[in-house]
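Let me begin by handing over the structure; questions about it come next.
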Amino acid sequence: MWLDLTSETDEKIYVNVNQLIVIYPVDEHKLTRILTSGGPITIKEPMAFLQSKIEGAIGK
(Lines give C-alpha, C1' and ligand atoms only; values in the text may rest on other atoms or scores of the structure.)
Protein backbone atom coordinates (compact mmCIF):
# COMPACT_ATOMS: atom_id res chain seq x y z
CA MET A 1 0.00 0.00 0.00
CA TRP A 2 1.26 3.46 -0.91
CA LEU A 3 0.74 6.52 1.29
CA ASP A 4 0.37 9.99 -0.25
CA LEU A 5 2.25 12.25 2.19
CA THR A 6 3.54 15.83 2.38
CA SER A 7 7.16 16.61 3.25
CA GLU A 8 8.00 19.43 5.64
CA THR A 9 8.88 21.49 2.54
CA ASP A 10 5.38 20.90 1.04
CA GLU A 11 6.52 18.35 -1.55
CA LYS A 12 4.17 15.44 -2.25
CA ILE A 13 5.85 12.11 -1.63
CA TYR A 14 4.63 8.54 -1.93
CA VAL A 15 5.85 5.98 0.57
CA ASN A 16 5.23 2.26 0.44
CA VAL A 17 4.19 1.07 3.91
CA ASN A 18 6.42 -1.98 3.44
CA GLN A 19 9.43 0.38 3.44
CA LEU A 20 8.63 1.98 6.81
CA ILE A 21 11.01 1.00 9.58
CA VAL A 22 10.26 3.55 12.33
CA ILE A 23 7.66 6.29 12.81
CA TYR A 24 8.12 8.90 15.54
CA PRO A 25 6.91 12.43 16.41
CA VAL A 26 9.21 15.46 16.23
CA ASP A 27 8.92 19.19 16.95
CA GLU A 28 6.57 18.71 19.92
CA HIS A 29 4.32 16.36 17.87
CA LYS A 30 3.81 18.98 15.11
CA LEU A 31 5.68 16.87 12.53
CA THR A 32 6.36 13.16 12.09
CA ARG A 33 9.61 11.56 11.03
CA ILE A 34 9.57 8.27 9.20
CA LEU A 35 12.62 6.13 8.75
CA THR A 36 12.69 4.18 5.51
CA SER A 37 15.31 1.96 3.92
CA GLY A 38 16.34 5.08 1.97
CA GLY A 39 16.79 7.22 5.09
CA PRO A 40 14.75 9.54 7.31
CA ILE A 41 11.97 11.79 5.96
CA THR A 42 10.10 14.44 7.95
CA ILE A 43 6.44 14.78 7.00
CA LYS A 44 3.55 17.04 8.00
CA GLU A 45 0.96 14.31 8.58
CA PRO A 46 0.49 13.43 12.25
CA MET A 47 1.63 10.11 13.61
CA ALA A 48 -1.98 9.09 14.36
CA PHE A 49 -2.82 9.45 10.65
CA LEU A 50 -0.03 7.06 9.67
CA GLN A 51 -0.99 4.59 12.38
CA SER A 52 -4.61 4.51 11.21
CA LYS A 53 -3.60 3.97 7.57
CA ILE A 54 -1.19 1.16 8.47
CA GLU A 55 -3.68 -0.54 10.80
CA GLY A 56 -6.33 -0.31 8.06
CA ALA A 57 -3.93 -1.91 5.58
CA ILE A 58 -3.17 -4.87 7.83
CA GLY A 59 -6.76 -5.30 8.99
CA LYS A 60 -6.55 -4.30 12.66
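The values are calculated or read from the model by the stated rules, or taken from the named source; none is laboratory data. As the structure is a computational prediction, the values presented were derived from the model and not from experiment. A quick note on method: Cβ atoms are made from the backbone with ideal geometry, for glycine too, and the neighbour counts reach across all protein chains shown. Calculation scope for accessible area: heavy atoms of the full protein, side chains included, ligands and nucleic acids excluded. Shrake-Rupley method; radii C 1.70, N 1.55, O 1.52, S 1.80 Å.
Where nothing but the Cβ of Lys and Arg (+1) and of Asp and Glu (-1) is charged, how large is the charge dipole of the chain around its Cα centre, in debye to the nearest 20?
Dipole size: approximately 200 debye.
Per the 1.4 Å probe, what fraction of the accessible area of the chain, in percent, lies on carbon and sulfur atoms?
52 percent
While we're looking at this one, here's another question. Based solely on its DSSP helices, what 222 nm [θ] is calculated for the chain when runs of n ≥ 4 H residues each add -39,500 (n - 2.57) and the sum is averaged over all residues, nearest 500 deg cm²/dmol?
Calculated from helices alone, the mean residue ellipticity at 222 nm is -6000 deg cm²/dmol.
Please give the length that would be gained between Met1 and Thr42 if that part of the chain were fully extended, namely 0.36 nm times their separation in residues minus their C-alpha to C-alpha distance (nm, one decimal).
12.8 nm
How big is the C-alpha Rg of the chain next to the rule-of-thumb value 2.2 N^0.38 Å, as a ratio?
For the chain, the normalised Cα radius of gyration is 1.03.
For the chain, with every protein chain kept in place, what is the accessible area per residue (1.4 Å probe, Å²)?
Computed with neighbouring chains in place, this is 68 Å² per residue.
May I pose another question? Give a quick list of trypsin sites (Lys or Arg not before Pro) in the stretch 1-54 that DSSP marks as loop, anything other than H, G, I, E or B, with at most 12 other Cβ atoms within 10 Å.
When the trypsin sites (Lys or Arg not before Pro) of the stretch 1-54 are filtered for loop state and at most 12 Cβ neighbours within 10 Å, Lys30 remain.
Please report the relative contact order for the chain, taking Cα pairs under 8 Å with a sequence separation of at least 6, and give it as a percent rounded to a whole number.
With pairs under 8 Å counted, the relative contact order is 27 percent.
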